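A.B. asks: The structure that follows is given in the form of structure tokens.
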């Protein structure tokens with residue numbers, strides 16, 4: 001009985017220390033970031049994400065063309081808007097969304113999915129709220145860690161390696 005109690009105690013200590021280490025996002029290989037901007041319409045938009053690094057690898061390996069990619073690392077990247085907005089002319093209701101993408105050489109599909117509170121690799125197309133197609137461009141400079149930027153005019157940019165993806169939120 002004493003051995004069982006001791007074993008239970010050891011497992012409990014290991015589990016609780018492991019859980020707290022997983023919850024400390026600052027110690028992850030892909031650190032967290034959050035950016036927000038208030039648009040002219042008064043809508044506040046924010047993107048909460050983890051920043052994977054290239055580390056000498058090819059972007060094609062990390063985000064394969066033609067396949068749904070979680071657009072970040074760790075938990076799902078979360079796009080939130082306080083009011084209804086139009087993204088590239090398509091309506092997105094106020095709320096929180098996970099962001100996925102399908103990379104391509106000539107076109108990327110950006111996906112806003114209703115299931116936002118989950119690990120980033122769980123994707124269900126049936127939960128898509130909005131999909132839009134945008135043309136990738138060459139970034140002005142190499143970006144080691146994936147980075148989002150939101151300009152005051154609502155231009156959202158995703159920069160990683162030598163690629164930049166832009167879409168307009170109004």
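A.B. asks: Any idea how many residues of region 51-63 are part of a loop (DSSP other than H, G, I, E, B) and closer than 16 Å to residue 158 by Cα?
C.D. replies: Result for region 51-63: 4.
A.B. asks: Modelled with pLDDT under 95, in a loop (DSSP other than H, G, I, E, B) and out of contact with any strand residue (DSSP E or B) (no Cβ under 6 Å at 6 or more places or on another chain), is that true of residue 67?
C.D. replies: So residue 67 does not fit the description; no.
A.B. asks: Going by the conditions given, is residue 6 over 22 Å from residue 129 (Cβ atoms), more than 18 Å from the chain's Cα centre (by Cα) and modelled with pLDDT under 95? Step through it out loud before you land on a result.
C.D. replies: Values: over 22 Å from residue 129 (Cβ atoms): yes; more than 18 Å from the chain's Cα centre (by Cα): yes; modelled with pLDDT under 95: yes.
So residue 6 fits the description; yes.
A.B. asks: Considering only residues of region 115-170 that are in a strand (DSSP E or B) and free of Cβ contacts under 8 Å to residues at least 12 places away in the same chain, which is surrounded by the most Cβ atoms within 10 Å (Cβ to Cβ)?
C.D. replies: Taking the candidates together, the pick is 157.
A.B. asks: Now for a separate question. Considering only region 66-82, how many residues are surrounded by 14 or more Cβ atoms within 10 Å (Cβ to Cβ) and either more than 16 Å from the chain's Cα centre (by Cα) or touching a residue at least 40 places away in the same chain (Cβ under 8 Å) (or both)?
C.D. replies: Residues meeting the conditions: 11.
A.B. asks: Report, by residue number, each residue of region 89-103 that is surrounded by fewer than 15 Cβ atoms within 10 Å (Cβ to Cβ) and not in a strand (DSSP E or B).
C.D. replies: 89, 93, 94
A.B. asks: Here's another thing I want to ask about it. I'd like the full set of residues that are more than 26 Å from residue 44 (Cβ to Cβ) and out of contact with any helix residue (DSSP H, G or I) (no Cβ under 9 Å at 6 or more places or on another chain), limited to region 91-104. Show your work before the answer.
C.D. replies: Here is the first cut: in region 91-104, the residues more than 26 Å from residue 44 (Cβ to Cβ) are 102-104.
Correct list: 102, 104.
A.B. asks: For residue 37, only one of the following conditions fails: (1) surrounded by 14 or more Cβ atoms within 10 Å (Cβ to Cβ); (2) at pLDDT below 95. What is its number?
C.D. replies: Condition (2) is where residue 37 drops out.
A.B. asks: Still on this structure: Tell me, yes or no, whether region 108-127 has at least one residue that is modelled with pLDDT under 95, more than 21 Å from residue 31 (Cβ to Cβ) and out of contact with any strand residue (DSSP E or B) (no Cβ under 8 Å at 6 or more places or on another chain).
C.D. replies: Yes - at least one qualifying residue is present in region 108-127.
The values are calculated or read from the model by the stated rules, or taken from the named source; none is laboratory data. Remember, predicted model here, so these are calculated numbers, not experimental data. With ideal geometry, Cβ positions are generated from the backbone for all residues, glycine too; neighbour counts draw on all protein chains shown.
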